[in-house]
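Asker: Next up is a structure, given as structure tokens.
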């Protein structure tokens, strides 16, 4: 169930795997519902506090340090934004900003599950999967 931030390769990979397993597929673009809930605006407002030039043409990523399990230290989330020219900027995320971004984007997962449960009920199917 793509939305405007989705990487198109995800749909391609999932469709290919479903075809291999003989699973019927369908699609629902959840962007309109997310826009109604102002998901993108809420997330972007937090990012713009850190990177004032951030806009819808940027890509963003939140990550922990890559050597997380091999060191004994505080682990701090980092926000990286990349503009359409490929220039990246990173900043450490304070707890309140991390929670602001996560709270705004959790709706994406919830909206996908609502659509999934609705479709499964109509077909008398069982929902199973991962958090991704």
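Read-outs: derived from the displayed coordinates by stated rules, not from any lab. None of the values given here were measured: they were computed from a predicted structure. Please note: Cβ atoms are built from the backbone with ideal geometry, for glycine as well, and neighbour counts cover all protein chains shown.
Asker: Relative contact order for the chain using alpha-carbon pairs under 8 Å, separation at least 6, rounded to a whole percent?
Answerer: Numbers: 117 pairs, mean separation 29.3, N = 132.
Reported relative contact order: 22 percent.
Asker: Something else about it: What does the convex hull of the Cα atoms come to per residue for region 21-132, in Å³?
Answerer: Working: hull volume 19.0 nm³, N = 112.
Taking the convex hull of the Cα positions in region 21-132, it is 170 Å³ per residue.
Asker: Take the Cβ-Cβ distance between residue 16 and residue 84 as r, set R0 to 30 Å, and report the resulting FRET efficiency rounded to the nearest 0.05. All intermediate terms of the calculation are to be shown ahead of the outcome.
Answerer: Details: r = 28 Å, r/R0 = 0.93.
Efficiency computed from Cβ-Cβ geometry: 0.60.
Asker: I'd like the orientation of helix 95-123 relative to the chain: the angle between its Cα long axis and the longest Cα principal axis, in ° from 0 to 90, rounded to 10.
Answerer: The angle comes out near 0 degrees.
Asker: In nm, what is the difference between 0.36 nm times the number of residues separating residue 7 and residue 29 and their Cα-Cα distance? Can you show the working numbers first?
Answerer: Values: separation 22, 0.36 × 22 = 7.92 nm, distance 1.29 nm.
That works out to 6.6 nm of additional length.
Asker: Taking the Cα centre of each part, how many Å lie between region 98-116 and region 25-95?
Answerer: Taking the Cα centre of region 25-95 as reference, the centre of region 98-116 is 13 Å away.
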